[in-house]
Amino acid sequence: MSHALIVDDEPDIRELLELTLSRMGLKVTSARNVATAKDALTSDSFDLCLTDMRLPDGNGIELVEHVTQNFPRTPIAMITAYGNTEAAVKALKCGAFDFVSKPVDLNVLRALVRSALKTATQEPQPDDGLPNLIGQSVPMQRVRATISKLARSHAPVYISGESGVGKELAARLIHLSGARSDAPFVPVNCGAIPTELMESEFFGHTKGSFTGAVTDNQGLFQSANGGTLFLDEIAELPLHMQVKLLRVIQEKSVRPIGAAKEVAIDVRILSATHKDLEALVEDNEFRQDLYYRINVIELRMPSLRERPDDIEELTDHLLDRIAPEWSIERPEVDASAREALNSYAFPGNVRELHNILERAVTLCEGNVIHSRDLHLRPSQSDDIGAALSVSEVGLENYLAQIERKAIEHALEQCRYNKTAAAKKLGITFRALRYRLKKLEME
């Protein structure tokens, strides 16, 4: 029988939680303060801990940190005051599995308990059958280690990085490595949904709620219930949808268009964008409260420039995939081609490498890829005005490449004196610092 520890100084709340968890078949132990809870944790083992934020001899954050450090296999969830987003985010950052707001919605509580118990009993997932992040470089080892930790949490994760670095693959791995692996993983490109359809797509609608609503529609949140919703390019959400998204995350419920009541949901939110969300918050283009709510934990995916040691392994892996997809014999890569790939900057990252190899497979003769088959663009060491292919890497990467080269050129001329380089570029020192951070050049 699973064993839960409830920590709350209000007898009525303790009684409600004890009754609810007992009816779910759990053995329940209660504590009214931090000291008693720590004693209980030392003398017995628990599969779940629920703690209030405010306690007579301390606070729940202290207990979250204690459990995370000393009992890492025990998921702990925080009970917070209604609308106290700051406390919920702080608890998640300190290692809490999840949170539930007062007054406690019993449907939300039961879903949380089921997820936590599944996490507590979950064995480490074997790599077999999982998508693979290719590369043995230090940055990729760090990413894999972080994903392994994130898989045991329910906290929202913000995946940052340039276009083409594999943000959706990382999101899938977080989902598949965790307790929600047998539930849906629902990816959505926020920039691909027309603004007028967003509310219906995300939250669903009832039949007849508007012209064209000929049937009930669940919406993306309900489709992902019990699993993970991956919001790619979240920076593209208009402000009115950001407000609605924040409320759904906080209340853990959605109201379909035309519905009379809200529907409880149990969804983990993962989000990503290639844009600088922090800068968008400063420019009032992205809500600060939503930013803090989705960016509880940040997973930064490195660019291919930061892990050149992985290029050869990635090349072989991608060719191993391309060959059976195209029903051809797997081509070989000669030394000249490998040298060219290893010295190339890859502004479009892994996606660009994949496109380059597909083109080379088409153009090569004798089933051997030579450097001439790659058709790489001029390297960054060439003139700033070198021709770039916008269609291949996208406008954002195209402009970033030119900006990066201009800044590198100015820094070299000024012996890396940033003040002098900023003056030479005709921008302020603060603007240069912002661009260095945005382009990941610091």
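The values are calculated or read from the model by the stated rules, or taken from the named source; none is laboratory data. In this text, all values refer to a predicted model and were calculated from it rather than measured experimentally. When we count neighbours, we look across all protein chains shown, and the Cβ atoms used for this are built from the backbone with ideal geometry, even at glycine. These area figures cover heavy atoms from the full protein model, side chains too; ligands, DNA and RNA do not enter into them. Shrake-Rupley method; radii C 1.70, N 1.55, O 1.52, S 1.80 Å.
If I model a spin label as a point 7 Å beyond the Cα along the Cα-Cβ vector, how far apart are those points for Lys438 and Lys423 in nm?
2.4 nm
Place a point 7 Å from the Cα of Glu329 along the Cα-to-Cβ direction; which residues of the stretch 340-376 have their backbone N under 13 Å from it?
365-369
When the chain is treated as a GNM, springs tying every alpha-carbon pair under 10 Å, which of Val165, Val28, Val157 comes out with the largest mean-square fluctuation?
Val28
For the stretch 12-91, what is the accessible area per residue in Å² when the probe is 1.4 Å?
I get 49 Å² per residue for this part.
From the Cα gyration tensor of the stretch 156-233, with a ≥ b ≥ c the square roots of its eigenvalues, which class applies: rounded if a/c is under 1.5, or else prolate if a/b is larger than b/c, or else oblate?
Oblate.
Beta carbons within 10 angstrom, averaged per residue: use that to sort the peptides 282-293, 53-64, highest first.
53-64, 282-293
Anyone know which of Ala151, Ala340, Ala420 comes out most mobile in the 10 Å Cα GNM of the chain?
Ala420
What fraction of the Cα pairs in the stretch 312-361, stated in percent, has a spacing above 12 angstrom?
Of all Cα-Cα distances in the stretch 312-361, 63 percent exceed 12 Å.
Name the most mobile residue of Leu299, Leu112, Leu318, meaning the one with the largest mean-square fluctuation, in a Gaussian network model of the chain with Cα contacts below 10 Å.
Leu318
Once fully extended, how much extra length lies between Glu65 and Ser22, figured as 0.36 nm per residue of separation less the alpha-carbon to alpha-carbon distance?
Once the chain is fully extended between Glu65 and Ser22, it gains 12.9 nm.
Ignoring any ligand, DNA or RNA, what whole percent of the accessible area of the chain comes from carbon and sulfur when the probe is 1.4 angstrom?
Of all accessible area on the chain, carbon and sulfur atoms account for 49 percent.
What translational diffusion coefficient, in µm²/s and rounded to a whole number, does the Stokes-Einstein relation yield for the chain at 25 °C and a viscosity of 0.890 mPa s, taking the hydrodynamic radius as the Kirkwood radius over Cα pairs?
The calculation lands on 100 µm²/s.
As a check on your grasp of the helix formula, calculate [θ] at 222 nm for the chain: sum -39500 (n - 2.57) over DSSP H runs of n ≥ 4, divide by the residue count, round to the nearest 500.
-14000 deg cm²/dmol
If a/c stays under 1.5 just call it rounded; otherwise compare a/b with b/c (prolate if a/b is bigger, oblate if not). Do that for the stretch 1-45, with a ≥ b ≥ c from the square roots of the Cα gyration tensor eigenvalues.
In terms of gyration-tensor shape, oblate.
For an R0 of 45 angstrom, estimate the FRET efficiency from the Cβ-Cβ distance between Ser148 and Asn367 and round to the nearest 0.05.
With a Förster radius of 45 Å, E is 0.70.
Taking R0 as 51 Å, what FRET efficiency do you get between Ser343 and His240 from their Cβ-Cβ distance, rounded to the nearest 0.05?
Once rounded, the FRET efficiency stands at 0.60.
Rounded to the nearest angstrom and ordered from largest down, what semi-axes does the equivalent ellipsoid of the stretch 146-292 get from its C-alpha gyration tensor (root of 5λ)?
25, 19, 13
Stretch Asn189-Asp320 to full length: gain in nm at 0.36 nm per residue minus the Cα-Cα span?
44.4 nm
For the stretch 281-356, max minus min Cα coordinate along each principal axis, in Å, sorted largest first?
52, 28, 20
Would you mind calculating the relative contact order of the chain from Cα pairs under 8 angstrom and at least 6 residues apart, reporting the percent as a whole number?
With pairs under 8 Å counted, the relative contact order is 11 percent.
With just the Cα atoms of the stretch 3-130, tell me how far they stretch along each of the three principal axes, in Å, largest first.
Principal axes ranked by extent give 47, 33, 30 Å for the Cα atoms.
Can you bin every Cα-Cα distance in the stretch 212-274 into 10 Å intervals starting at zero and give me the percent of pairs per bin, rounded to whole numbers?
The percentages, shortest bin first, are 20, 52, 27, 2.
With the cut-off at 1.5 for a/c, could you classify the stretch 333-378 from its C-alpha gyration tensor as rounded, prolate or oblate?
Oblate shape, in that a/c is at least 1.5 and b/c is the bigger or equal ratio.
In straight Cα distance, which lysines are under 20 Å from Lys27, not counting same-chain residues fewer than 8 positions off?
By straight Cα distance, Lys27 reaches Lys38, Lys118.
If you line up the long axis of helix 429-438 against the longest principal axis of the chain, both from Cα atoms, how many degrees apart are they, to the nearest 10?
80 degrees
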